[in-house]
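The values are calculated or read from the model by the stated rules, or taken from the named source; none is laboratory data. Being a predicted model, the structure only gives us computed values, none of them experimental. Counting neighbours? That spans all protein chains shown, and the Cβs are built from the backbone with ideal geometry, glycine included.
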Amino acid sequence: MEIIKAEHLGFCNGVKRAINVAKTHAPCLTYKELIHNKKVVDGLKNEGIYPVHDLSVVQSGDNVVIAAHGAAPSDFEKLARIGANVYDATCPMVKKVQEIVREYSTKGYKIIILGDKNHQEVQGICGFSAETPQIAADFDEISLEDGEKFAVVTQTTFFEEKFEKIKEKIQNIISYTHKTVVFFNTICYTTMAKREEAKSLAKRCDAVVVISDRSSANGNRLYEFAKSINDNTFFVSEISDLQSVMISKYNTLAIMAAASTPDELIEEVLSFMSDTQNEVLENATENTATEEVTEVATAAPEAGEMAAAADAPAQSAKTELTMDDIMASDKAAGFTTYREGKRIHAKIINADENGIFVEIGGKKDGFIDKSEVNIDGTYNPDDFKAGDTIEAVIINKKGDSTYVTLSKREIDLVKKNDEEALKAFESKEFTVEPPLKIVKNKEGNPVGLEGRLGAFTVFIPGSQIRIGRVNNLEDYLDKKLRLRMLQKNGRRVTASQRVILEEEKAEKEEAFWSTVVPGAIVKGKVKRFASFGAFVSVKGYDCLAHISDLSWKKISEPSEVLELNQTYDFIVLKADRETGKISLGYKQLQKKPYELAAEKYPVGTVIKGTIARIHPFGAFVQIEDGIDGLIHVSQISHKYVKEASELLKEGQEVEAKVISFEGNRITLSMKELEPAPEEKPAREEVAPEEAADGAEGEVKSKAPRAPRKKFEYNPEKAEERKRDRRDNSDEPHEWVSDSGNATLADLLKGIDFKFDDEENK
């Protein structure tokens, strides 16, 4: 035999809450039975929890817990006068009914309660009406004579089918009487869920077992409902009840339980059945209405809607409502889906030390645990008044058959994040953290990225991610993006990182070109080499240091002077903003060879070197690699030397003395190292008187003057002189020798002067 266990078994959340409150404040008294289950009530006595039916036995200082079924306001007032410590464990669903009755009674509505007049819950609800309400178990017990406006509520365990039938009959009557009747289906969601399961399972299975205490109205109605569908329905309040049931003859057996049935009894029943070799199937409620599908619900009226109904002219109520009616009020049953993440404006039913119970529109109420109230973790139930509206978000609807679990804390965090997000959107820059996802168009092509900031969706088109084309969006899925809002449409924001990068680039360029000017000293990192020079990064810009500007010496490769990935000082030689080309110099910041030579070889130093080159005007001596000095032809010897090649030849080692540093020229002398020639005696002058011819006053005439030669142009000599000048000009400028010590004869050598002897013609 197959045993199918209903999903909704055991204590509902209202019962669980009441028991928890009582245990928290034990030893304590409970006003009437905490729940309608004798075994549970007796077990609680062992923990110091005792029910009382007469408040006169309560003394000052006693802890008194109001049972889940609730109590009348007069009972609360009496306990306050006694001085008892009262802890309200009224089921929020019952609180809902109480508040409706209080509100509509205050507005002048006559109250009709559909339920059991002897039930603890109904008796408590009556106390919230300004006038004695009507209590009816069926239509025949209802009177609409005394009054023009009526409000109909239900006991939380009332039959929904019966409610709808009564409602229809009343509507048919008042359509002719012009009375106003508003209806509130306040049946507990758990009760309706159990009955929906009962309907499905009773039809599918061969037999049904309902586990409940005999005193439970919920259990009795569940049994009656299942029995009306399947005659093979059995009421089990203890294991002995099963002994008279021949369950083995049924192929399929459904197990149900009332909201007040303890888990221990359910397990005992299942264990007994397992011992009979039956297979128990967990939650096998095929085609049963559960939370996971669409939830049957009746929307609770908002305060404004209630007021509108109360002040509306007398009219006939309609049996059938439009979808707008269903979504807007609680005048008829509708369908509501409780979606996780849905934001809800909820009306507070009540708040206690455990949390806040709220109406969320539907037959299922919401519960906000105290830990989910405030962001900082604080909670004071006095801050939350019945009837006030708060905003919350559904965080989890699974595992709870009675209440939808809500969080005010999460919605407050969302609001806070939203405020921060809005401020960020108004700023020049905000960030979106990973993870991001790729957005595709209808054709399936990627078009951009999408991220979240608070409750906002941020879309970044592919063209706005960077400057230039993005080849692969996946490269950016785990990267933080710096963004600026381009457009906002509701909670969707279009943003760009590119605009920020372009602005930064423009600012960077402006700063660069304003400082990188000819003559400026900059630091640059060597990025790569080429045969013609080195590419250097200066503030992110590529610049060229030509090989000719790297060293004063002749080099064949830039690597002879610079190293890759090293930073050096460079001087800006050229900077053209229009073309973006920048030329750098490195050697210009280094000492020139002659400067080094001047330090190493001061004037007067005798050096040894090798004749590197010979010209008619002198010889260049290599002092060391890259440093040459000039021995002018006049500084070779004390004797007259027409051309340097007369005494010197290339490769010859010589000794010379440094005689001057002028500009970038080093002048050497060999003759300074030779002994000076002896001076010739001065020629004797003849006195005038000795030159006389004997005659007084007669001066002896001088020897006749040699005739002048006529100047003739010699082309060969002229060409030789041009050659000498060209040879001289081909030498590096910085090594041109000083000619200050040349004689007139040296300067005029090679010139062929011819004169005509006019006197001899």
Checklist entry - Are any of the residues in the range 136-148 crowded, with 18+ Cβ neighbours inside 10 Å and touching a residue at least 40 places away in the same chain (Cβ under 8 Å)? => result no
Item to check | the range 79-102: number of residues that are aromatic (Phe, Trp, Tyr) and farther than 17 Å from Phe357 by Cβ | outcome: 0
Next on the checklist: Looking at the structure I just gave you, is Val603 crowded, with 18+ Cβ neighbours inside 10 Å and among the β-branched types (Val, Ile, Thr)?
Outcome noted: no
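Taking the residues in the range 357-380 that are small (Gly, Ala, Ser) and in contact (Cβ under 8 Å) with a residue 12 or more places away in the chain as candidates, determine which candidate is surrounded by the fewest Cβ atoms within 10 Å (Cβ to Cβ).
As a first pass, look at the range 357-380 and keep what is small (Gly, Ala, Ser): 361-362, 366, 371, 377.
Filter once more, keeping what is in contact (Cβ under 8 Å) with a residue 12 or more places away in the chain: 361-362, 366, 371.
Numbers: Gly361: 24, Gly362: 22, Gly366: 25, Ser371: 11.
Per the criteria, the residue is Ser371.
In this structure, does Ala495 turn out to be aliphatic (A, V, I, L, M), loosely packed, with under 15 Cβ neighbours inside 10 Å and outside the structural domain of Val621 (by TED's automatic domain parsing)? Talk me through it step by step, then tell me what you get.
Values: aliphatic (A, V, I, L, M): yes; loosely packed, with under 15 Cβ neighbours inside 10 Å: no; outside the structural domain of Val621 (by TED's automatic domain parsing): yes.
So Ala495 fails the test.
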Checklist entry - Restricting to the range 12-40, what's the tally of residues that are under 22 Å from Val236 (Cβ atoms) and touching a strand residue (DSSP E or B) at 6+ places or on another chain (Cβ under 6 Å)? => result 1
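Quick test for you: out of Lys539, Lys523, pick the one residue that is in contact (Cβ under 8 Å) with a residue 12 or more places away in the chain, charged (D, E, K, R), surrounded by 12 or more Cβ atoms within 10 Å (Cβ to Cβ) and touching an Asp or Glu at 6+ places or on another chain (Cβ under 7 Å). First the steps, then the outcome.
Values: Lys539 fails: touching an Asp or Glu at 6+ places or on another chain (Cβ under 7 Å).
So the residue among Lys539, Lys523 that is in contact (Cβ under 8 Å) with a residue 12 or more places away in the chain, charged (D, E, K, R), surrounded by 12 or more Cβ atoms within 10 Å (Cβ to Cβ) and touching an Asp or Glu at 6+ places or on another chain (Cβ under 7 Å) is Lys523.
For the range 85-93, state whether one or more residues are over 57 Å from the mean Cα position of the chain (by Cα) and farther than 26 Å from Lys169 by Cβ. Even if it seems obvious, please write down each step before you answer.
Step one: of the range 85-93, the residues over 57 Å from the mean Cα position of the chain (by Cα) are none.
No, every residue in the range 85-93 fails to be over 57 Å from the mean Cα position of the chain (by Cα) and farther than 26 Å from Lys169 by Cβ.
So which of Leu413, Leu422, Leu436 ends up being crowded, with 17+ Cβ neighbours inside 10 Å and either modelled with pLDDT of 90 or more or of a type outside the set (S, T, N, Q) (or both)? Walk me through it before giving the result.
Working: Leu413 fails: crowded, with 17+ Cβ neighbours inside 10 Å; Leu422 fails: crowded, with 17+ Cβ neighbours inside 10 Å.
None of the others qualify; the one that does is Leu436.
Residue check: is Lys479 out of contact with any Ser or Thr (no Cβ under 8 Å at 6 or more places or on another chain), closer than 30 Å to Arg17 by Cα and basic (Lys, Arg)? Outline the logic, then answer.
Values: out of contact with any Ser or Thr (no Cβ under 8 Å at 6 or more places or on another chain): yes; closer than 30 Å to Arg17 by Cα: no; basic (Lys, Arg): yes.
Answer is no for this residue.
Taking the range 96-124, which residues are in a loop (DSSP other than H, G, I, E, B), closer than 19 Å to Asp75 by Cα and in contact with a strand residue (DSSP E or B) (Cβ under 6 Å, 6 or more places away or on another chain)? Before you say what the answer is, go through the steps one by one.
Just the residues of the range 96-124 that are in a loop (DSSP other than H, G, I, E, B), to begin with: 107-109, 115-119.
Checking the rest, the ones that are also closer than 19 Å to Asp75 by Cα come to 117-119.
Scanning the range 96-124 gives a single hit, Lys117.
From the list Pro92, Pro73, which one is in contact with an Asp or Glu (Cβ under 6 Å, 6 or more places away or on another chain) and not basic (Lys, Arg)? It would help to see each step written out before you state the result.
Numbers: Pro73 fails: in contact with an Asp or Glu (Cβ under 6 Å, 6 or more places away or on another chain).
Result: Pro92 is the single residue among Pro92, Pro73 that is in contact with an Asp or Glu (Cβ under 6 Å, 6 or more places away or on another chain) and not basic (Lys, Arg).
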Checklist entry - Applying the selection to the range 646-672, what residues are more than 18 Å from Ala598 (Cα to Cα) and either part of a loop (DSSP other than H, G, I, E, B) or modelled with pLDDT of 90 or more (or both)? => result Leu647, Leu648, Lys649, Glu650, Gly651, Gln652, Glu653, Val654, Met670
Checklist entry - Is at least one residue of the range 157-178 within 52 Å of the chain's Cα centre (by Cα), at pLDDT 90 or above and not assigned by TED's automatic domain parsing to the domain that holds His53? => result no
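State whether one or more residues within the range 150-161 are touching a residue at least 12 places away in the same chain (Cβ under 8 Å) and surrounded by fewer than 16 Cβ atoms within 10 Å (Cβ to Cβ).
In the first step, residues of the range 150-161 are kept if they are touching a residue at least 12 places away in the same chain (Cβ under 8 Å); the result is 150-160.
Now drop any that are not surrounded by fewer than 16 Cβ atoms within 10 Å (Cβ to Cβ), which leaves none.
Checking the range 150-161: not a single residue is touching a residue at least 12 places away in the same chain (Cβ under 8 Å) and surrounded by fewer than 16 Cβ atoms within 10 Å (Cβ to Cβ).
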Checklist entry - Residues in the range 104-125: is at least one closer than 22 Å to Glu161 by Cα, within 49 Å of the chain's Cα centre (by Cα) and of a type outside the set (A, V, I, L, M)? => result no
Checklist entry - In the range 92-112, which residue that is touching a helix residue (DSSP H, G or I) at 6+ places or on another chain (Cβ under 7 Å) and hydrophobic (A, V, I, L, M, F, W, C) is nearest to Thr190 (Cα to Cα)? => result Met93
Next on the checklist: If Ile460 meets every condition in (1) touching a strand residue (DSSP E or B) at 6+ places or on another chain (Cβ under 8 Å); (2) loosely packed, with under 12 Cβ neighbours inside 10 Å apart from one, which number is that one?
Outcome noted: (2)
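Evaluate the range 519-539: report whether one residue or more is under 27 Å from Lys428 (Cβ atoms) and either under 43 Å from the mean Cα position of the chain (by Cα) or part of a strand (DSSP E or B) (or both).
Residues of the range 519-539 that are under 27 Å from Lys428 (Cβ atoms), as a first pass: 539.
Checking the rest, the ones that are also either under 43 Å from the mean Cα position of the chain (by Cα) or part of a strand (DSSP E or B) (or both) come to 539.
So far as the range 519-539 goes, yes, one or more of its residues are under 27 Å from Lys428 (Cβ atoms) and either under 43 Å from the mean Cα position of the chain (by Cα) or part of a strand (DSSP E or B) (or both).
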Item to check | Any chance Leu453 is under 30 Å from Lys347 (Cα atoms), buried (at least 20 other Cβ atoms within 10 Å of the Cβ) and among the aliphatic types (A, V, I, L, M) | outcome: yes
Checklist entry - Of all the strands (runs of 3 or more DSSP E) wholly in the range 381-484, which have at least 1 residues that are farther than 30 Å from Arg498 by Cα and without any contact (Cβ under 8 Å) to a residue 40 or more places away in the chain? => result 403-407
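In the range 1-55, which strands (runs of 3 or more DSSP E) lie fully inside it and hold 2 or more residues that are more than 16 Å from Val65 (Cβ to Cβ), in contact (Cβ under 8 Å) with a residue 24 or more places away in the chain and not charged (D, E, K, R)?
Values: elements: 2-5, 28-31, 49-52.
By residue number, 2-5.
Each row is one residue, and each column tells you yes or no for (1) over 30 Å from Leu673 (Cβ atoms); (2) of a type in the set (A, V, I, L, M, F, W, C); (3) assigned by TED's automatic domain parsing to the domain that holds Ile659.
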{"residue": "Asp542", "(1), (2), (3)": "yes, no, no"}
{"residue": "Ile555", "(1), (2), (3)": "yes, yes, no"}
{"residue": "Leu562", "(1), (2), (3)": "yes, yes, no"}
{"residue": "Ile571", "(1), (2), (3)": "yes, yes, no"}
{"residue": "Glu595", "(1), (2), (3)": "no, no, yes"}
{"residue": "Glu599", "(1), (2), (3)": "no, no, yes"}
{"residue": "Val603", "(1), (2), (3)": "no, yes, yes"}
{"residue": "Ile611", "(1), (2), (3)": "no, yes, yes"}
